[in-house]
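**Student:** The structure under discussion is supplied below as structure tokens; questions concerning it will follow.
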Amino acid sequence: MRQLAHPFSADFKPEPYWWEASPQQPGDGTPLPKTTDIVIVGAGYTGLHAAIEAARAGRATVVIDAEAAGWGCSTRNGGQVSTSVKPSYATLKKRYGDALAVAILKEGQASLDHVSGFIRDERIACDFAVTGRFHGAHTPGQFDALARDCDTRHPGFETGAYMVERGQQHSELGTDAYFGGAVFPRHASLDPGKYHAGLLDVARRAGVTIVSHCRVNTLARNASGFDVATDSGSIRAGRVILATNGYTGPLSPWHQRRIIPIGSYVIATEEISKDLMDRLFPTDRILSDTRKLVYYYRPSPDRKRVLFGGRVSLSETDPRLSGPKLRAELVRLFPELENTRISHSWAGTVAFSFDTLAHCGEDDGLHYAMGYCGSGVGMAGYLGARAGRRAAGLDAEPSAFARIPHTSRPFYTGRPWFLAPSVALFRLRDRLGL
Ligand SMILES: Cc1cc2nc3c(=O)[nH]c(=O)nc-3n(C[C@H](O)[C@H](O)[C@H](O)COP(=O)(O)OP(=O)(O)OC[C@H]3O[C@@H](n4cnc5c(N)ncnc54)[C@H](O)[C@@H]3O)c2cc1C
């Protein structure tokens with residue numbers, strides 16, 4: 001394959017495409033109050049959904065972010081909305097028994113319903129659309145496995161998924177690189193930056209105080225709750241919600257030991273012609289594939305660019321280096337994009353857990369929701385909202401995700417030394433078609 005000598009467009013930016021329509025906001029000088037009912041650390045989807053619920057329950061609520069509100073994954077993601085639960089029913093049942101497995105899957109569906117219902121009810125203009133997903137099989141064996149999975153869904157969790165044979169694949173996608181795939185018709189897409197900006201508006205209207213560019217440094221328990229020490233002074237709170245996901249640091253070593261931070265990388269192409277877009281992407285579906293190192297991609301909401309994400313390096317790297325590698329993979333799938341340049345390249349840090357499930361819970365007034373394993377556009381809002389209600393004393397029944405053990409590994413302190421060998425192994429398995 002011929003590599004372009006200059007893979008970047010003249011107006012290339014090493015930052016998210018979404019920031020064009022929704023620029024990161026500078027600090028607005030909001031002072032840190034001295035006391036509040038609830039402090040939330042992190043102003044992404046988790047933190048803002050938690051804050052909206054807590055404020056609507058009448059609790060004084062302060063959200064604090066070390067950077068601009070939304071600087072984390074919540075304005076960097078691919079905008080693909082799914083049911084967010086990675087393990088199958090069979091795996092979940094083996095681990096936790098039928099009842100908890102069913103409860104977890106139900107909450108996966110609830111997360112998709114929550115995000116769509118919230119956007120509809122709050123009238124957030126974020127290009128939300130139920131587009132469906134095409135999940136390409138990268139080997140014939142994976143096609144068979146997908147077909148089996150479609151057939152063996154637990155009753156009550158029928159997703160309406162159906163298989164598309166390789167011969168019909170061009171009705172979904174202009175590539176011959178897959179051996180057919182599955183369509184999940186309920187999955188959706190949105191513009192993550194516009195969604196986050198809409199959430200900020202809703203939170204402010206609900207009375208939430210948002211303090212950006214202010215790192216929380218320590219959480220110390222006192223008789224009635226917490227002393228929260230930040231870059232801008234201290235605040236006393238009855239309860240704290242940790243909503244730091246992939247950016248969870250030493251503020252809470254217990255959580256840091258349970259989160260595996262992993263970089264995910266995305267590019268946007270320069271604008272392509274309508275004809276070419278219609279040929280390569282005849283539908284508006286979001287796309288992904290069965291590789292261990294999955295590629296996720298889609299047309300931009302205005303159908304002028306292709307947004308293509310995945311993991312292309314063993315260890316974390318600069319978006320200027322990951323961009324050309326992602327582009328090479330994009331061109332492998334769609335050779336017609338051979339002369340198309342990259343206009344944006346960026347990265348963000350997703351939070352994996354050792355069991356590939358999200359987790360939430362509480363310990364004596366410290367609440368949390370995190371570990372969405374790269375699928376948090378729906379789940380972060382859902383579990384964030386539940387954490388907010390729970391911290392406000394409303395949600396009596398804990399989430400199913402609070403009822404599964406949140407484990408670490410011996411000697412793991414939050415630095416995933418095993419990442420590079422794992423990525424190398426997954427890459428080998430993908431190349432061998434395993
Ligand atoms: C490149 C990429 C692509 C993705 N694509 C998809 C997708 O298509 N579909 C999908 O479902 N999911 C996707 N995800 C995952 C999804 O974006 C996340 O799961 C979700 O946004 C998590 O939201 P959050 O609010 O929990 O965390 P974030 O949005 O990451 O927010 C955490 C915040 O905590 C703040 N913080 C951390 N420590 C402190 C501290 N000590 N003091 C103050 N603030 C602190 C950070 O500054 C950050 O802003 C993707 C993620 C990435 C990076």
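The values are calculated or read from the model by the stated rules, or taken from the named source; none is laboratory data. Note that the coordinates shown come from a computational prediction; the quantities given were computed from them, not determined experimentally. Ideal geometry is used to build each Cβ from the backbone, glycine not excepted, and the neighbour counts take in all protein chains shown.
**Student:** Quickly run through the stretch 93-137 and pick out the residues that are on the phi > 0 side of the Ramachandran plot and within 20 Å of the chain's Cα centre (by Cα). Explain how you work it out, then say what you get.
**Tutor:** Kept after step one, since they are on the phi > 0 side of the Ramachandran plot, are these residues of the stretch 93-137: 97, 123, 127, 132.
Answer for the stretch 93-137, where residues must be on the phi > 0 side of the Ramachandran plot and within 20 Å of the chain's Cα centre (by Cα): ASP127, GLY132.
**Student:** List the pairs whose first member sits in the stretch 207-226 and is on the phi > 0 side of the Ramachandran plot, whose second member is among the charged types (D, E, K, R) and crowded, with 19+ Cβ neighbours inside 10 Å, and whose Cβ atoms are under 7 Å apart, counting only residues at least 6 apart or on separate chains?
**Tutor:** Going by the 7 Å Cβ cut-off, the qualifying pairs are GLY225/ARG239.
**Student:** Right, another one. Going by the structure shown, is ARG56 closer than 30 Å to ARG239 by Cα, more than 22 Å from the chain's Cα centre (by Cα) and surrounded by fewer than 24 Cβ atoms within 10 Å (Cβ to Cβ)?
**Tutor:** On the way: closer than 30 Å to ARG239 by Cα: yes; more than 22 Å from the chain's Cα centre (by Cα): yes; surrounded by fewer than 24 Cβ atoms within 10 Å (Cβ to Cβ): yes.
Yes.
**Student:** Now, a different point. Just give me the residues in the stretch 392-419 being assigned to a loop (DSSP other than H, G, I, E, B) and under 18 Å from SER315 (Cβ atoms), in sequence order. Steps first, please.
**Tutor:** Let us first name the residues in the stretch 392-419 that are assigned to a loop (DSSP other than H, G, I, E, B), namely 392-399, 403-418.
Across the stretch 392-419, the qualifying residues are TYR412, THR413, GLY414, ARG415, PRO416, TRP417, PHE418.
**Student:** Residue pairs, Cβ under 7 Å, 6 or more apart or interchain, first in the stretch 361-375 and touching a residue at least 12 places away in the same chain (Cβ under 8 Å) and over 10 Å from ASN245 (Cα atoms), second within 14 Å of the ligand (Cβ to nearest atom) and among the small types (Gly, Ala, Ser). List them.
**Tutor:** HIS367/ALA387; GLY374/SER264; SER375/SER82; SER375/SER84
Listed here are the residues, each with its yes/no results for (1) more than 9 Å from the ligand (Cβ to nearest atom); (2) closer than 27 Å to TYR372 by Cα; (3) touching a His at 6+ places or on another chain (Cβ under 8 Å); (4) touching a residue at least 60 places away in the same chain (Cβ under 8 Å).
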position	(1), (2), (3), (4)
THR230	no, yes, no, yes
GLY233	yes, no, no, yes
GLY238	yes, yes, no, yes
ILE241	yes, yes, yes, yes
GLY246	no, yes, no, yes
LEU251	no, yes, no, yes
GLN256	yes, yes, no, yes
ILE260	yes, yes, no, yes
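**Student:** To continue, here is another question. Return the total of residues in the stretch 236-259 being assigned to a strand (DSSP E or B) and surrounded by fewer than 22 Cβ atoms within 10 Å (Cβ to Cβ).
**Tutor:** At the first step, the residues of the stretch 236-259 found to be assigned to a strand (DSSP E or B) are 236-242.
Next, from what is left, pick out any that are surrounded by fewer than 22 Cβ atoms within 10 Å (Cβ to Cβ): 236, 238.
Residues that pass the stated criteria total 2.
**Student:** Still on this structure: Since GLY388 meets every condition but one in (1) over 22 Å from VAL81 (Cα atoms); (2) within 13 Å of the ligand (Cβ to nearest atom); (3) not in a loop (DSSP other than H, G, I, E, B), which condition does it not meet?
**Tutor:** Going through (1) over 22 Å from VAL81 (Cα atoms); (2) within 13 Å of the ligand (Cβ to nearest atom); (3) not in a loop (DSSP other than H, G, I, E, B) one by one, GLY388 breaks only (1).
**Student:** Which one is farthest from VAL211 (Cα to Cα), of the residues in the stretch 63-77 that are surrounded by fewer than 24 Cβ atoms within 10 Å (Cβ to Cβ) and out of contact with any Lys or Arg (no Cβ under 9 Å at 6 or more places or on another chain)? Walk me through it before giving the result.
**Tutor:** As a first pass, look at the stretch 63-77 and keep what is surrounded by fewer than 24 Cβ atoms within 10 Å (Cβ to Cβ): 66-68, 71.
Pick out the ones that are also out of contact with any Lys or Arg (no Cβ under 9 Å at 6 or more places or on another chain) and you get 68, 71.
Values: ALA68: 9, TRP71: 13 Å.
Only one residue tops the list, namely TRP71.
**Student:** A further question on this structure: From GLY348, GLY381, GLY376, grab the single residue that is under 15 Å from GLY44 (Cβ atoms), part of a loop (DSSP other than H, G, I, E, B), within 16 Å of the ligand (Cβ to nearest atom) and touching a helix residue (DSSP H, G or I) at 6+ places or on another chain (Cβ under 9 Å). Explain how you work it out, then say what you get.
**Tutor:** On the way: GLY348 fails: part of a loop (DSSP other than H, G, I, E, B); GLY381 fails: part of a loop (DSSP other than H, G, I, E, B).
The unique qualifying residue is GLY376.
**Student:** Which residue is farthest from SER353 (Cα to Cα), if the candidates are limited to the stretch 263-301 and must be outside any loop (DSSP other than H, G, I, E, B), of a type in the set (Val, Ile, Thr) and more than 9 Å from the ligand (Cβ to nearest atom)? Walk me through it before giving the result.
**Tutor:** First pass over the stretch 263-301, keeping only residues outside any loop (DSSP other than H, G, I, E, B): 263-269, 274-280, 286-289, 296-299.
Next cut, of a type in the set (Val, Ile, Thr) only: 266-267, 269, 286.
Add one more test, that the residue is more than 9 Å from the ligand (Cβ to nearest atom), and what stays is 267, 269.
Values: ILE267: 25, THR269: 31 Å.
By that ranking, first place goes to THR269.
**Student:** Mind checking which residues of the stretch 302-326 are part of a strand (DSSP E or B) and farther than 18 Å from SER422 by Cβ? Steps first, please.
**Tutor:** Of the stretch 302-326, the ones part of a strand (DSSP E or B) are 306-310.
Passing the criteria: VAL306, LEU307, PHE308, GLY309.
**Student:** What pairs come out if I take residues in the stretch 23-48 that are closer than 17 Å to THR230 by Cβ and of a type in the set (A, V, I, L, M) and pair them with residues that are more than 10 Å from the ligand (Cβ to nearest atom) and in a loop (DSSP other than H, G, I, E, B) whose C-beta lies under 7 Å away, six or more apart or interchain?
**Tutor:** Here the result reads LEU32/SER232; ILE38/ARG59, each pair linking the stretch 23-48 to a residue that is more than 10 Å from the ligand (Cβ to nearest atom) and in a loop (DSSP other than H, G, I, E, B).
**Student:** Take TYR45 and decide whether it is modelled with pLDDT of 95 or more and either near the ligand (Cβ under 6 Å from one of its atoms) or in contact with an Asp or Glu (Cβ under 9 Å, 6 or more places away or on another chain) (or both).
**Tutor:** For TYR45, the condition - modelled with pLDDT of 95 or more and either near the ligand (Cβ under 6 Å from one of its atoms) or in contact with an Asp or Glu (Cβ under 9 Å, 6 or more places away or on another chain) (or both) - is met.
**Student:** Sticking with this one: Of the residues that make up the stretch 321-336, is at least one within 27 Å of THR413 (Cβ to Cβ) and of a type in the set (Val, Ile, Thr)?
**Tutor:** Within the stretch 321-336 (the criterion being within 27 Å of THR413 (Cβ to Cβ) and of a type in the set (Val, Ile, Thr)), the answer is no, since none of the residues qualifies.
**Student:** Separate question: So which residues in the stretch 55-86 are in a loop (DSSP other than H, G, I, E, B), under 23 Å from GLY132 (Cβ atoms) and near the ligand (Cβ under 9 Å from one of its atoms)?
**Tutor:** From the stretch 55-86, those in a loop (DSSP other than H, G, I, E, B) are 57-60, 65-72, 76-79, 82-86; that's our starting set.
If we keep only those that are under 23 Å from GLY132 (Cβ atoms) as well, we get 77-79, 82-86.
Within the stretch 55-86, ASN77, GLY78, GLY79, SER82, SER84 meet the criteria.
**Student:** Residues in the stretch 31-52: is at least one over 30 Å from ILE235 (Cα atoms) and aliphatic (A, V, I, L, M)? It would help to see each step written out before you state the result.
**Tutor:** Step one: list which residues in the stretch 31-52 are over 30 Å from ILE235 (Cα atoms), which gives none.
Within the stretch 31-52 (the criterion being over 30 Å from ILE235 (Cα atoms) and aliphatic (A, V, I, L, M)), the answer is no, since none of the residues qualifies.
**Student:** Would you be able to say whether some residue in the stretch 399-410 is β-branched (Val, Ile, Thr) and in contact with a Leu (Cβ under 6 Å, 6 or more places away or on another chain)?
**Tutor:** Of all residues in the stretch 399-410, those β-branched (Val, Ile, Thr) come to 404, 407.
Cutting the leftovers down to in contact with a Leu (Cβ under 6 Å, 6 or more places away or on another chain) gives us none.
No, that holds for no residue.
**Student:** List every residue pair whose Cβ atoms lie under 8 Å apart, where the two residues are 6 or more positions apart in sequence or sit on different chains, the first residue falls within the stretch 389-413 and is on the phi > 0 side of the Ramachandran plot, and the second residue, located anywhere, is surrounded by fewer than 19 Cβ atoms within 10 Å (Cβ to Cβ).
**Tutor:** GLY393/ALA57
**Student:** Further question: Do we find that ALA51 is in a helix (DSSP H, G or I) and within 13 Å of the ligand (Cβ to nearest atom) in this structure? Explain how you work it out, then say what you get.
**Tutor:** Working: in a helix (DSSP H, G or I): yes; within 13 Å of the ligand (Cβ to nearest atom): yes.
Against the criterion (in a helix (DSSP H, G or I) and within 13 Å of the ligand (Cβ to nearest atom)), ALA51 qualifies.
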